[in-house]
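The values are calculated or read from the model by the stated rules, or taken from the named source; none is laboratory data. Note that this is a predicted model, so its numbers are computed, not measured. Cβ atoms come from the backbone with ideal geometry, glycine included; neighbour counts cover every protein chain shown. What goes into the accessible areas is simple: the full protein's heavy atoms, side chains included, and nothing from ligands, DNA or RNA. Shrake-Rupley method; radii C 1.70, N 1.55, O 1.52, S 1.80 Å.
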Amino acid sequence: MKKYLKPLLALVVFLLSQVLVSVIIMTVMTIANIQTTNVTIISVTLIISSIITILLMIKPLNMFDFRRDFRPSGISIGLSVIAIIGAIIGMLGTDFINSALDLPNLLEEQLEGMSNTLMGALAIAVIGPLAEEVVFRGAMMGYMLRNNVKPWTAILVSAFLFGAIHLNPVQVPFAMIVGVIFGVIYYRTGNIILTTIIHIINNSMATYLMSISTDPLQLGENDDTNMLIMSVILSLICWGICYIMLRKLWKSTSDIEYAEPKEEAIEVIE
């Protein structure tokens, strides 16, 4: 049980930092009588809380180390490209299903507003993805792997929590599936370099599409049976390609030692 308590603590820290920063910003603005938009408040909150969260993961939680979690994995450029393309295709397949299900988007107005500002776009496309990779892959999943939690257990737990914290119905299933994809890549590379790159690419594209109010994957309404069947078929094709490419990554990489190295006494030879 102890293997999961600290990852849960990291999740609590991640959520509390956003709430506390938001409260502090609102309090300061009220006292100083500063007038601004909700979009600006949300953007500033996300940026500041993300930076604070990353720092807390490093110290005092000691769950993330830039030198360890951003160290080169040694995999070839070809395998890196396979992982990136496979993940993007897998996310595309999830988008098809999401569009067909037409789940409610409770944050649509806020996200579209943020995508039209530089600070908001930076928060969604860069700072947010970096913080989430630090927390859910580098800190939470990495901690579980370093404490001998079975790989697939660590992948699924981190993916479930990654999806759950989004709260927005349209984002939850997408984030959970993406969490599994990112978890596999992180486990086979031992760092968050590729997952951060893919996360930034995905969020940047989403930000751009929201800024121009375009949803190219909106295939139809729930009651359109043909469109639903088409979306399922397209999703299965994308997921199949994703599986093949990630399986190639898995089979072409060796197991990585996640356990913390034990300190050994150094014998001085005179």
**Request:** Quickly rank 103-112, 57-66, 39-48, 189-198 as a protection proxy: mean count of other C-beta atoms within 10 Å, highest first.
**Result:** 189-198, 39-48, 57-66, 103-112
**Fill in**
The percentage of the accessible area of the chain (probe 1.4 Å, all protein chains present) made up of carbon and sulfur atoms, to the nearest whole number, is 68
**Asked** In whole percent, what relative contact order does segment 115-199 give with Cα contacts below 8 Å and a gap of six or more residues?
**Response** 29
**Request:** Kindly write out, for segment 87-93 in residue order, the coupling ³J(HN,Hα) from the Karplus curve 6.51 cos²θ - 1.76 cosθ + 1.60 (θ = phi - 60°), rounded to whole Hz, with x marking Gly and Pro.
**Result:** 5, 5, 5, x, 5, 4, x
**Asked** Can you give me the Cα centroid spacing of segment 130-162 and segment 1-72 in angstrom?
**Response** 18
**Complete:** Mean separation of Cα contacts under 8 Å (at least 6 apart) over the residue count of the chain, i.e. the relative contact order in percent, is 29
**Message:** With only alpha-carbon atoms in the gyration tensor, what are the semi-axes of the equivalent ellipsoid for the chain, in Å, largest first?
**Reply:** 32, 28, 15
**Fill in**
The simple spin-label model distance between Arg247 and Asn116, using points 7 Å out along Cα→Cβ, in nm, is 4.6
**Item:** Difference of contour (0.36 nm per residue) and Cα-Cα distance, Ile24 to Asp102
**Value:** 24.5 nm
**Request:** Grab the beta carbon distance between Thr37 and Ala164, set R0 = 25 Å, and tell me the FRET efficiency rounded to 0.05.
**Result:** 0.30
**Asked** If you roll a 1.4 Å probe over the heavy atoms of the protein chains, what accessible area per residue do you get for the chain, in Å²?
**Response** 54
**Request:** Sticking with the crude label model, points 7 Å out along Cα→Cβ, report the distance from Tyr208 to Asp255 in nm, one decimal please.
**Result:** 4.1
**Item:** Segment Met227-Ile201, length gained on full extension (0.36 nm per residue, minus Cα span)
**Value:** 6.6 nm
